[in-house]
1. Would you mind getting me the FRET efficiency between A:Gln130 and A:Asn110? Use the beta-carbon distance for r and R0 = 25 Å, nearest 0.05.
2. Which FRET efficiency value, to the nearest 0.05, do you get for A:Arg66 and A:Asp45 by plugging their Cβ-Cβ distance into 1/(1 + (r/R0)^6) with R0 = 41 Å?
3. What list of ³J(HN,Hα) couplings, whole Hz, do you get for region A:97-107 from phi and the Karplus terms 6.51, -1.76, 1.60, once you set θ to phi - 60° and write x for glycine and proline?
4. Over chain B, what relative contact order in percent results from Cα pairs under 8 Å that are six or more residues apart?
5. How long are the three semi-axes of the equivalent ellipsoid for the protein assembly as shown, computed from the Cα gyration tensor as the root of 5 times each eigenvalue, in whole Å, largest first?
6. Using the per-residue mean of other Cβ atoms lying within 10 Å as a proxy for protection, in what order, highest first, do the peptides A:103-109, B:94-100 fall?
7. On C-alpha positions alone, give me the angle between the axis of helix B:112-144 and the longest principal axis of chain B, in degrees, nearest 10.
8. Quick one: order B:Val113, B:Val130 by neighbouring beta-carbon count within 10 Å, fewest to most.
Amino acid sequence: MSALSFKNSLGIHPQTMQLRAARAEVLANNLANADTPNFKARDFDFNAMLDAESRRSLEMNATDQRHLRGNVNTDSELMYRNPYQPAIDGNTVDTQMEQSFYTENALRYNASFEFLNSKFKGLKNAIKGQ
Amino acid sequence: MSLTNVFNIAGTGMNAQSIRLNTTASNIANAETVSSSIEETYKARKPWFQVLEKQWKDVDGLDRKLDVRSQVGDGVKVAGIVESDAPLKKRFEPHHPAADEEGYVTYPNVNVVEEMTDMMSSSRSYQMNVEMMNTAKRMLQRTLTLGQ
């Protein structure tokens, strides 16, 4: 496959951005429910998810129906956060922590964006050949 | 697109907090609204927050990423407004026009200190939701400049 195909040249960054956006939603839901009784804050293991995402492209090809599928199974479950200060109403959202996670997630999203953007710039340069 | 969902989630959060702020305002305004019977007296009102579950249930055959997101709630909703069952205060004020036969006037069970802390909490939560929406907006605006 040529190096100029999108799949090869963009690297892991599109998946990273998608996952960052998904995590932003999870964290936003935690923050919106900061005052909801019995709400349990949730999150997912970003590294494990990204790992699963990149390994998914390494799944084995089956050219015969008797071939075994080399599926990479990962548990992409949402997990519950261990609260630092659980509230008396059963809520486990630590607002400050969630806010810092949310901000960090947004920054890392921007970082991935920069990488992806520079990949596109590189492709543009290659096309123009200047 | 997940990031546009953040807008919805922050919107539900802001809506819920503004309803909470409204009940607080109503409670404080009616803190001294007296009447002659327990039934007629104003009782403190509190919003009842619940997680807004995702309406979209069909996750079969979809991406694993989407699968995870379908487990997340879609923000917060106000399931209802409940009246406080704290005891009402009776005061002996025989010259009050609303006094009953024994000379007692019933005052609402509004705890003004509690209402004030509630008000601070809800205004902070509202600000937090606005902040969250702004961050998501900046992220989306950045994304729109991809490849420029």
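The numbers here are math on the coordinates, done by the rules we state, and not lab data. Computed from a prediction, not measured in an experiment: that's the story for all the values here. Here the Cβ is made from the backbone with ideal geometry for all residues, glycine too, and neighbour counts use every protein chain on show.
1. Once rounded, the FRET efficiency stands at 0.30.
2. Numbers: r = 35 Å, r/R0 = 0.85.
Between A:Arg66 and A:Asp45 the formula returns 0.70.
3. Per residue, the Karplus-derived 3J(HN,Hα) values read 5, 4, 5, 5, 5, 5, 5, 4, 4, 5, 5 Hz.
4. The normalised contact order for chain B reaches 35 percent.
5. 54, 21, 13
6. Values: A:103-109: 18.0, B:94-100: 12.3.
By packing density, highest mean first, the sequence is A:103-109, B:94-100.
7. Compared with the principal axis, the helix lies near 20 degrees.
8. Placing the least packed residue first, the sequence is B:Val113, B:Val130.
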